[in-house]
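Below: one structure, written as structure tokens.
All of the numbers you see were taken from the coordinates with simple rules; none came from a lab. Here the structure is a predicted model, which is why all the values come from computation and not from measurement. With ideal geometry, Cβ positions are generated from the backbone for all residues, glycine too; neighbour counts draw on all protein chains shown.
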Amino acid sequence: MSKKYYIETLGCAMNVRDSEHMIAELTLKEGYEAADSLEEADLILINTCSVREKPVHKLFSEIGQFGKRKKDGAKIGVCGCTASHLGEEIIKRAPVVDFVLGARNVSKITEVLHRPKAVEVDMDYDESGYAFGEFRTSLYKAYINISIGCDKQCSFCIVPHTRGEEISIPADLILKEVQKAAGSGAKEIFLLGQNVNNYGRRFSGEHPRIGFTQLLRAVSEIEEVERIRFSSPHPLHMDDEFLDEFAKNPKICKSMHMPLQSGSSRILKSMKRGYTKEWFLERAAKIRELVPDVSISTDIIVGFPGESDEDFEDTMDVVEKVRFEQIFSFKYSPRPMTPAKDFEKQVPEEIASKRLTRLQARHNEMLDEMKSVRLDRVYDVYFEELRPGGYVAGRTDNNWLVQAKGSEELLGKTVRVKIVEASRLGSIGEVIA
Ligand code: SAH
Ligand code: F3S
């Protein structure tokens with residue numbers, strides 16, 4: 001009987017892709033299959049996130065529970081960003097853990113599996129040229145990494161310490177993966193990196209120096225590719241050439257993630273983001289001018305050390321002016337190894353909470369206003385998922401979530417859909433052709 005794995009993936013899309021890579025390695029090299037439940041698994045993997053403190057706390061209670069539920073002899077491995085930054089401390093605090101595998105070392109999964117109490121968290125390890133096997137959670141959408149690590153050193157962010165320095169994956173490897181995925185039905189390609197539009201700055205060997213804009217063009221030239229998305233770009237690297245390509249290339253989906261973090265130029269400087277409030281507003285306005293139907297999403301941190309009422313008003317001002325279609329907002333969480341955790345004037349919890357509530361409430365009002373724009377309009381929706389009650393779900397080019405009555409035959413197809421009901425979080429549509 002084959003061995004079975006159970007995997008829990010926390011955090012960002014890059015972790016989702018790392019999990020797929022680990023599953024591919026386990027399946028191809030060790031003959032593993034997916035378990036239906038944790039209790040049935042021979043190997044339990046937790047792919048962790050450490051961007052904020054809360055999930056790290058939760059990890060240890062979860063390991064405890066998993067330890068009780070697992071069958072005798074089953075192994076537990078802790079992988080990902082928390083594995084990178086806590087390393088062997090994880091095994092010290094939770095001896096039930098069999099191995100620890102950092103976010104920059106996932107290709108070693110089949111090796112650590114056989115080494116009791118292995119801890120692989122080498123921050124200089126270079127996986128940019130590693131050819132992982134094929135495994136995809138979705139048949140219709142393919143996540144493809146274009147770089148590893150991040151060189152930005154934003155003062156609040158632990159990622160450069162858990163994923164290491166930024167190295168671009170050679171374009172020929174990326175294009176080969178795109179070709180394979182699109183050829184087997186994943187018509188939507190999602191390019192991933194911590195800082196995608198910095199692509200091409202550093203490779204680990206001799207490779208043609210192409211930048212992100214050229215990479216986008218090359219991906220779009222692959223015939224089977226219908227839609228291209230990417231995450232996350234950095235506002236600082238949103239030059240005119242990139243924005244023009246974004247606007248003109250019909251295969252590039254018209255939704256842009258622009259992580260603002262703060263609207264105050266003073267706070268942005270202390271965050272080391274490299275742009276000002278004015279730069280951000282100008283770039284966002286340029287995107288809306290070039291692509292009137294674009295959706296712009298963002299990440300915002302409230303309560304960063306030193307954030308005054310006035311600084312927060314600057315953030316609210318940017319929110320008013322840009323009218324983001326989606327906001328991921330967080331209270332600042334002090335992280336180990338980051339300069340900001342030692343900054344003076346840490347903002348009290350109650351103030352940060354109030355600011356977060358106000359930001360989210362105002363944004364919800366804006367979404368309520370925006371939703372009417374969608375009503376009765378017809379969009380091209382690429383359906384990717386079955387939903388309960390005889391529905392399928394998919395997204396418009398500009399990233400609105402749409403559900404419609406339908407079944408499997410709509411999956412992997414782009415269909416004209418008229419929106420009949422619109423809410424803040426998604427819409428209901430009727431297939432019209
Ligand atoms: N390169 C990615 C960032 C990954 S972290 C990107 O640009 O999207 C994802 C988001 O988590 C960040 O954009 C930021 O808004 C948030 N974040 C990172 N560190 C944080 C911290 N210490 N406290 C609160 N939020 C944080
Ligand atoms: Fe983090 Fe800034 Fe990089 S938010 S992932 S250090 S761009």
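A few remarks follow.
- Compared with the rule-of-thumb size 2.2 N^0.38 Å for a compact globular protein, region 4-120 has a Cα radius of gyration ratio of 0.94.
- Calculated FRET efficiency, K286 to E30, Cβ-Cβ distance, R0 = 45 Å: about 0.35 to the nearest 0.05.
- Ratio of Rg to Rh for region 131-253: 0.96 [Cα atoms; Kirkwood radius as inverse mean 1/r over pairs].
- Lysine pair count for region 104-214 with Cα-Cα distance under 15 Å and sequence separation of 8 or more or different chains is 4.
- Difference of contour (0.36 nm per residue) and Cα-Cα distance, D151 to S204: 17.6 nm
- Calculated FRET value between K405 and E134, using beta carbons and R₀ = 30 Å, to 0.05: 0.35
- Cysteines in the chain that, by Cβ-Cβ distance, have no pairing candidate under 4.7 Å: C12, C49, C79, C81, C150, C253
- D (Stokes-Einstein, µm²/s), Kirkwood Cα radius, region 225-309, 1.306 mPa s at 10 °C: 116
- Where only DSSP H runs of four or more residues are counted, the chain gives -10500 deg cm²/dmol as its mean residue ellipticity at 222 nm, each run worth -39500 (n - 2.57).
- Overall size of region 36-88 from C-alpha positions, given as principal axis extents largest first: 31, 21, 16 Å.
- Projecting the alpha carbon convex hull of region 277-413 along each direction and taking the average yields 11.5 nm².
- Part-to-part distance (alpha-carbon centres) for region 140-208 and region 233-285, which is given in Å: 19
- Alpha carbon convex hull of region 314-385, volume per residue in cubic angstrom: 170
- DSSP beta bridges in the chain [antiparallel fraction, %, rounded to 5]: 35
- Highest-first arrangement of 291-299, 365-373, 390-398, where packing means the average Cβ count within 10 Å: 390-398, 291-299, 365-373
- Using only alpha-carbon positions in the chain, the gyration tensor eigenvalues give semi-axes of 33, 29, 23 Å once each is multiplied by 5 and square-rooted (largest first).
- Cut-off 11 Å (backbone N to label point 7 Å along Cα→Cβ of D380), residues of region 388-412: 397-398
- Applying the Karplus relation 6.51 cos²θ - 1.76 cosθ + 1.60 with θ = phi - 60° to region 68-84 yields 3J(HN,Hα) values of 6, 7, 5, 7, 4, x, 5, 9, 10, x, 9, 10, x, 5, 5, 4, 4 Hz, where x marks Gly and Pro.
- For region 131-253, share of DSSP beta bridges that run antiparallel, in % to the nearest 5: 15
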